[in-house]
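A.B. asks: Sharing a structure below in structure tokens format, with a few things to ask.
Just so it is clear, none of the values below were taken in a lab; they were calculated from the coordinates. Predicted model only: the values in this text are computed from it and were never measured. Note that each Cβ is placed from the backbone with ideal geometry, even for glycine, and that neighbours are counted across all protein chains shown.
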Amino acid sequence: MLVCECNEIEYDAIKEAVKKHGDNLDAIMEETDAGTTCGCCLEDDCDKVELPLPLAIKKALEELAK
Ligand code: FES
């Protein structure tokens, strides 16, 4: 699932970053480069991607809590 179009970041990469950094957005951005170009995917309603970064982080936290 595409999370960041500019940097071609998929959900799996975000999930790996969340495993290390929890909900620390800055750390996740630094590690994956997601959200560091146009910034669209930092908004919940970004229509360039399937799963914008905040929603991807939320989903990962939910999955990892199981
Ligand atoms: S879509 Fe993520 S920075 Fe542009």
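A.B. asks: Compute the length gained on full extension between residue 37 and residue 64: take 0.36 nm times their separation in residues and subtract their Cα-Cα distance, giving the result in nm to one decimal.
C.D. replies: This chain segment gains 7.0 nm when fully extended.
A.B. asks: Moving to a separate point now. With an 8 Å cut-off on Cα pairs and a minimum separation of 6 or more residues, tell me the relative contact order of the chain in percent.
C.D. replies: Relative contact order here is 38 percent.
A.B. asks: Let me ask something else. What number, in nm² with one decimal, is the all-direction average of the projected area of the convex hull of the alpha-carbon atoms of the chain?
C.D. replies: Values: hull surface 14.5 nm².
Result: 3.6 nm².
A.B. asks: Can I ask one more? As a footprinting exposure proxy, order 29, 1 by other Cβ within 10 Å, with the fewest listed first.
C.D. replies: Numbers: 29 19, 1 11.
Least to most surrounded, the residues fall as 1, 29.
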